[in-house]
Every structure is written in structure tokens, then in C-alpha cells.
Amino acid sequence: MQKLALVGLGASGLFALKELAGADVEVHVFDVGPVYSKRYACPIDQGKLDVCPPKACSYCAPGQSAGSWNDFKVILSASQVIGGRLFDLIGETELQKRLDNVRATILTHAPVEIPVVKPNEDDLNWIKKRATLAGMTYHYQELLHCGSDNAPAINTSILSEIIASGPNIVFHWDTKVLSVARRGEQFAIRFDHYRKPGHETEESFDLCIVSVGRGGAHWLTQQEFYKALDVHPGQVDIGVRVETSCYFTEEVDKRFYEPKLYYRSHRHNDVVRNFCSNPRGFVTPENHRDYVLVNGHSKMYEKSENNNFAVLVSKTFTRPFKDPQLYSQTIARVANMLAGGGPLIQRLGDLRAGRRTKSLQNNLVKPTLEAECGDISLAYPHRILEGIIEYLDALNKICPGVSDDSTLLYAPECKSYPDSISVSKTMETTVPNLFIIGDSSSWTRGVGQAATSGLLAGEGVRQKVKGAGRVFAAAPPGESVAVKPPFVAEIKAEPLP
């Protein structure tokens with residue numbers, strides 16, 4: 001029987017595993033986080049810690065996407081612009097069919113009823129008119145917002161169902177993949193404990209699915225097989241996490257929750273967009289061990305008086321420069337250095353005036369994340385900040401008050417992707433039997449299309465192994481995997497927390 005290595009179990013990896021459960025292939029799952037049933041809300045949000053731990057928690061571990069654990073927002077519309085580029089790969093019909101599969105799966109496993117946010121005709125006319133007058137472009141989307149507090153239950157339930165129907169699956173939790181190398185027709189996977197290293201092991205596999213998220217973009221470029229891939233210059237998104245009063249944005253929030261508004265900066269013609277809006281939400285740190293980013297999330301039950309969202313400037317580099325990931329990570333490290341190791345915060349009014357923020361004591365907007373006051377312009381290129389300020393001024397015409405001096409800007413908020421990798425319609429690369437999925441492929445930029453890419457890869461693997469041998473029978477619920485290579489943690493289908 002053929003063996004497959006699945007590296008990373010974020011949204012894309014989970015849905016690839018869903019497709020492979022019971023298939024005629026032995027699937028080994030490698031993930032740096034603990035077993036799903038032991039992943040709970042951010043320890044800072046729970047009040048257990050004041051700052052991120054020295055090593056990233058299971059939400060933001062290196063090489064692992066936090067999208068389906070932090071806020072868990074899913075775009076359900078097959079768009080050419082929003083959420084990724086799978087529309088160009090498989091077409092609108094096939095993309096929408098799989099997004100509907102993702103929607104049905106999540107709603108089936110949700111512990112509470114989660115409504116799909118869908119604008120009506122009046123709301124669409126309202127936003128299109130205001131966006132046009134503001135010099136912005138609105139892109140339609142249907143949205144499923146699960147919330148950080150529902151994420152553990154949903155993910156655990158989906159995985160429990162997979163385990164019940166997938167005795168062909170072996171789990172390596174708390175395990176870091178050190179390298180993936182081509183050895184003839186096979187792949188050599190070197191791996192070790194993530195938190196307690198010292199048991200380095202190497203195994204060979206016939207097929208490999210890489211699902212390491214944005215956090216694994218740089219790791220991906222360091223792998224031996226990377227030179228054999230057909231790649232093109234990639235994109236980075238560099239920006240800030242904006243936090244402002246929810247009363248400034250409530251008119252938009254009640255109609256759309258998160259409208260996708262794109263803007264072209266006047267001076268440099270850069271694409272500037274909003275991302276990950278969290279009405280009455282919270283700003284949170286995202287520890288990547290070597291640097292700390294900021295992110296945002298909202299909860300179904302606990303609310304703040306603020307709205308936070310990212311404003312990102314997209315940049316694609318040309319030759320001779322070929323390491324956009326390192327570029328964005330360097331900016332993040334400089335911002336962390338200025339802040340003493342964590343996030344940096346500045347009032348928009350102080351940024352405009354060219355001065356450092358020294359205190360937020362009397363500021364109208366109260367921060368939901370404790371961060372070091374400072375001057376973001378010491379870390380960010382002027383071109384990036386100019387685009388961000390232009391965007392907020394334009395958005396102010398739709399949401400009066402957003403560009404007030406009291407609005408808070410957190411840095412760094414950087415989204416780095418690998419170079420654009422050529423893949424087939426099943427996400428197989430030019431290296432035979434190697435699939436790269438999710439945001440690490442550069443084809444997706446969100447949970448919905450990341451999960452879709454996992455389904456596509458799973459379908460591709462099934463086609464390859466079809467008829468090659470026997471198919472596993474389903475294991476009784478709760479029965480752990482029988483095969484246990486070195487330091488493989490057993491996992492059982494456990495009740496929802």
C-alpha cells in the first residue's frame with residue numbers, strides 16, 4: 001500500500017484529510033500543534049497569560065494556519081478577486097460546488113446555529129454608490145463567521161468524523177517537519193518533536209501534500225524540491241491592524257459584517273484593501289516565534305466597543321529580487337525591535353503629524369490589546385504608509401470617523417506568500433506526486449478557498465491510487481489508529497468540549 005505524508009493540518013490539510021479518509025493509501029499527518037481536542041481559545045483571551053509564550057501556542061505555531069482557529073471567517077462566494085485564485089484554476093462552477101461542500105461541512109459540525117451573512121439588493125446598491133463616490137471598488141461576497149469561541153468545537157468535530165471513517169490515517173502531533181526531499185520516486189521526510197526535540201526521524205513516502213500555511217512560506221522555499229517547481233514572483237501584503245470605534249462603522253457592519261473594498265493609491269497605483277474585519281472584536285498577537293504579528297478576531301458572545309480590521313498594501317516584486325517573504329518578515333522584525341519584542345501601536349493623528357505616540361491615556365478609542373506605543377514610520381516604507389493613509393481617508397467617506405486622529409494602528413500586520421507555484425487542477429505541482437495546498441501554494445488567501453484546495457488535492461490523490469489495492473473499512477467510533485511509528489500520539493474521537 002502506498003504511503004502519503006500530509007504536512008500541516010490547518011483548514012486545507014483538514015479538508016484534504018476529509019477527502020482521503022478510507023482511501024486506499026496510508027496517510028501520515030504531521031502537525032506542530034497538539035491534538036485538536038486540546039486546542040482551546042487563545043490563552044491571552046482566557047486571561048491565563050499577559051503576553052505570548054516563548055513558543056507559539058497551537059493557534060499560531062510556525063508553519064500552521066491560524067485562520068480556522070482564530071476568528072474562523074469563511075468566504076463562500078466563488079470570486080475572481082476575493083479569497084484566492086482558484087477561480088482561474090478550476091472555474092466558477094467547480095469552485096462554487098466545493099465551497100458549498102465546505103459550507104455544509106462546517107454548518108453540520110457547528111455547536112450552534114451560524115447564519116450566512118448575505119447582503120440584500122438594497123444593501124448592495126447602498127455600498128456600491130458610496131464606494132464609487134469614495135473612489136473604491138466593492139466586491140460581492142457571502143460570508144460565514146464562526147467565531148474564535150466556536151472554532152475548537154467545529155474543528156474537533158470534523159476531525160472526529162474523519163477518524164471514525166479513516167483507519168488509514170496515522171497522526172504525528174506536536175511534530176515539526178524539518179525537511180521534505182525527493183529521493184528517486186519517493187519523498188524523504190525528516191521530522192522531530194516540536195516542543196521537545198531530540199528524536200529526529202526520517203521516513204519515506206510515495207506521495208506528499210504540503211499544507212504549511214503562510215507561516216511556512218519561507219520554510220517551503222528552503223526545501224530541496226523547490227528548485228524543481230515552476231514558480232513565478234510572489235506577492236506580499238504589508239499593512240497595519242486598524243482599531244476604531246464600532247460606532248464609526250456600525251452602518252456598514254449591520255449590513256455586511258465585512259465589505260470587501262479595494263482602492264488604488266493615487267501616487268503609486270498600489271492595490272490597497274481591507275481584510276479580516278471584526279465588528280466589536282479584539283486585536284490579538286500572533287506569535288511566530290521569530291517575530292510577533294498582530295491579528296484580529298471576534299467572538300459570538302463576548303463583545304468590545306471597537307471594530308478592528310487590516311489595511312494591506314499588496315506588492316509583487318520582479319527580478320532580481322526573489323525573496324518577498326524575507327522582505328515582509330524583516331519589516332515585522334524591525335517593528336518588533338522598536339516595540340521591545342512585541343507589537344507596536346500608534347495613533348493615526350500622530351502618524352500624520354510625524355511624531356511618536358507616547359501615551360493612549362486620554363485617547364477616544366481604547367485599545368483591546370496592550371502594545372508598545374511608538375512610531376510605525378521608523379519600520380515601514382513611506383510608500384506603504386502613504387497608501388494606508390489614503391485608504392483610510394477614502395473609507396472615511398463611507399464610514400465617517402474612521403480616519404479620526406484617535407484611530408489606532410497596530411504593526412506589524414504582514415501576510416507573506418510563497419512564489420506563485422504552477423499546479424494542476426488537483427493542486428499537483430510539476431514534481432510528480434507532490435501537492436501544495438492552502439495559502440502555502442499562493443493560490444488561496446482564506447479559509448474557504450484553502451479548504452477547497454484541500455478537497456482538490458484529496459480528489460487528485462484518490463484518482464492516483466484508485467484500484468491499486470484494498471480500501472480500508474471504517475473504524476468503530478473512538479477506536480485509535482493501530483499503526484504507531486516513533487512518538488506518534490494516539491488520537492481518539494472525543495466528545496466536543
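Residues checked against (1) of a type in the set (Asp, Glu); (2) touching a Pro at 6+ places or on another chain (Cβ under 6 Å); (3) modelled with pLDDT under 85:
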{"position": "231", "(1), (2), (3)": "no, no, no"}
{"position": "267", "(1), (2), (3)": "no, no, no"}
{"position": "273", "(1), (2), (3)": "no, no, no"}
{"position": "297", "(1), (2), (3)": "no, no, yes"}
{"position": "301", "(1), (2), (3)": "no, no, yes"}
{"position": "309", "(1), (2), (3)": "no, no, no"}
{"position": "323", "(1), (2), (3)": "yes, no, yes"}
Given the residues 429, 407, which is the only one that is in contact (Cβ under 8 Å) with a residue 40 or more places away in the chain, touching a helix residue (DSSP H, G or I) at 6+ places or on another chain (Cβ under 9 Å) and in the same structural domain as residue 87 (by TED's automatic domain parsing)?
-> 429
Candidates 401, 387, 349, filtered to the one that is surrounded by fewer than 21 Cβ atoms within 10 Å (Cβ to Cβ) and outside any loop (DSSP other than H, G, I, E, B) | 349
Scanning the range 170-193 for residues that are acidic (Asp, Glu), surrounded by 14 or more Cβ atoms within 10 Å (Cβ to Cβ) and out of contact with any Phe, Trp or Tyr (no Cβ under 8 Å at 6 or more places or on another chain) gives 192
May I ask you to verify whether residue 93 is surrounded by 16 or more Cβ atoms within 10 Å (Cβ to Cβ), among the β-branched types (Val, Ile, Thr) and either in the same structural domain as residue 77 (by TED's automatic domain parsing) or more than 30 Å from residue 459 (Cα to Cα) (or both)?
-> no
Of residues in the range 208-224 being surrounded by fewer than 23 Cβ atoms within 10 Å (Cβ to Cβ) and touching a strand residue (DSSP E or B) at 6+ places or on another chain (Cβ under 7 Å), the one farthest from residue 417 (Cα to Cα) = 224
Enumerated helices (runs of 4 or more DSSP H) restricted to the range 41-157, each holding at least 3 residues that are acidic (Asp, Glu) and modelled with pLDDT of 90 or more | 92-109, 121-133
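Might you let me know whether the range 109-121 holds any residue that is closer than 26 Å to residue 451 by Cβ and among the polar types (S, T, N, Q)? Explain how you work it out, then say what you get.
Of all residues in the range 109-121, those closer than 26 Å to residue 451 by Cβ come to 109-119.
Applying the additional criterion that residues be among the polar types (S, T, N, Q) yields none.
No: the range 109-121 contains no residue that is closer than 26 Å to residue 451 by Cβ and among the polar types (S, T, N, Q).
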Picked from the range 416-436 (must be in contact with a strand residue (DSSP E or B) (Cβ under 6 Å, 6 or more places away or on another chain) and of a type in the set (A, V, I, L, M)), the residue farthest from residue 7 (Cα to Cα) is 421
Given 428, 459, 390, which one is under 17 Å from residue 87 (Cα atoms) and modelled with pLDDT of 95 or more?
-> 428
Return the total of residues in the range 331-357 being touching a Phe, Trp or Tyr at 6+ places or on another chain (Cβ under 6 Å) and of a type in the set (Gly, Ala, Ser).
-> 1
Only one of these is charged (D, E, K, R), surrounded by fewer than 17 Cβ atoms within 10 Å (Cβ to Cβ) and either under 30 Å from residue 85 (Cα atoms) or in contact with a His (Cβ under 9 Å, 6 or more places away or on another chain) (or both): 227, 196. Name it.
-> 227
Any idea how many residues of the range 320-346 are more than 21 Å from the chain's Cα centre (by Cα) and either outside the structural domain of residue 377 (by TED's automatic domain parsing) or outside any helix (DSSP H, G or I) (or both)?
-> 9
Flag for residue 292 being of a type in the set (A, V, I, L, M, F, W, C), modelled with pLDDT of 90 or more and over 20 Å from residue 213 (Cβ atoms) = no
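Quick one: in the range 211-238, of everything that is outside any helix (DSSP H, G or I) and in contact with a helix residue (DSSP H, G or I) (Cβ under 6 Å, 6 or more places away or on another chain), which residue is farthest from residue 296 (Cα to Cα)?
Applying the first criterion (outside any helix (DSSP H, G or I)) to the range 211-238 yields 211-213, 222-223, 229-238.
With in contact with a helix residue (DSSP H, G or I) (Cβ under 6 Å, 6 or more places away or on another chain) added as a condition, the list becomes 211-213, 234, 236, 238.
On the way: 211: 22, 212: 21, 213: 17, 234: 24, 236: 19, 238: 15 Å.
Among residues in the range 211-238 that are outside any helix (DSSP H, G or I) and in contact with a helix residue (DSSP H, G or I) (Cβ under 6 Å, 6 or more places away or on another chain), the one farthest from residue 296 (Cα to Cα) is 234.
Identify, from the list 154, 127, 158, the residue that is touching a residue at least 60 places away in the same chain (Cβ under 8 Å), crowded, with 16+ Cβ neighbours inside 10 Å and out of contact with any Pro (no Cβ under 8 Å at 6 or more places or on another chain). Before you say what the answer is, go through the steps one by one.
Values: 154 fails: out of contact with any Pro (no Cβ under 8 Å at 6 or more places or on another chain); 127 fails: out of contact with any Pro (no Cβ under 8 Å at 6 or more places or on another chain).
Result of the check over 154, 127, 158: 158.
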Can you tell which of 267, 183, 241, 190 is more than 26 Å from residue 380 (Cβ to Cβ), touching an Asp or Glu at 6+ places or on another chain (Cβ under 9 Å) and either touching a residue at least 12 places away in the same chain (Cβ under 8 Å) or not aliphatic (A, V, I, L, M) (or both)?
-> 190
For residues that are surrounded by fewer than 24 Cβ atoms within 10 Å (Cβ to Cβ) and either of a type in the set (Lys, Arg) or part of a strand (DSSP E or B) (or both), tally how many sit in the range 428-444.
-> 2
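The values are calculated or read from the model by the stated rules, or taken from the named source; none is laboratory data. All of these numbers come straight from a predicted model, not from anything done at the bench. Here the Cβ is made from the backbone with ideal geometry for all residues, glycine too, and neighbour counts use every protein chain on show.
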